[in-house]
1. For the stretch 29-86, how big is the tail of P(r) above 15 Å, as a whole percent of Cα pairs?
2. Run the numbers on the stretch 29-86 and let me know its relative contact order in percent, using alpha-carbon pairs under 8 Å that are six or more apart.
3. How long is the gain from residue 51 to residue 4 if the chain were fully straight, where each residue apart is worth 0.36 nm and the alpha carbon distance is subtracted?
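Derivation of every value follows stated rules applied to the coordinates shown; laboratory data play no part. In this text, all values refer to a predicted model and were calculated from it rather than measured experimentally.
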Amino acid sequence: MSTLPRVVTPVATPLKIERRVRRHHSPEPPAWVGYLFIAPNFLGFALFTLVPLVFALALAFTRWDIVSGFGGIRWAGLQNFADLRADER
């Protein structure tokens, strides 16, 4: 036997590694939290701006008298724009 003291090196166990990782969390919240705050604005923008805009664009290419309801919508294509150009008023 030798008289030198035995040096023990600590071995990191998975539990110790897990604790070490948990200690260094950023105080910043995850990115999805920010999206939750913005979501009502996006929803309102889509509902009150994008939906009417797309609907108006689709109506520009159709013939529709509102009295007949949604069943009276007929595809006209570019004929509406040709009629507009030919009208002398």
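1. Values: 1085 of 1653 pairs.
Across the stretch 29-86, Cα pairs with separations above 15 Å total 66 percent.
2. Values: 24 pairs, mean separation 13.0, N = 58.
Reported as a whole number, the value is 22 percent.
3. Using 0.36 nm per residue and subtracting the Cα-Cα distance, I get 8.8 nm.
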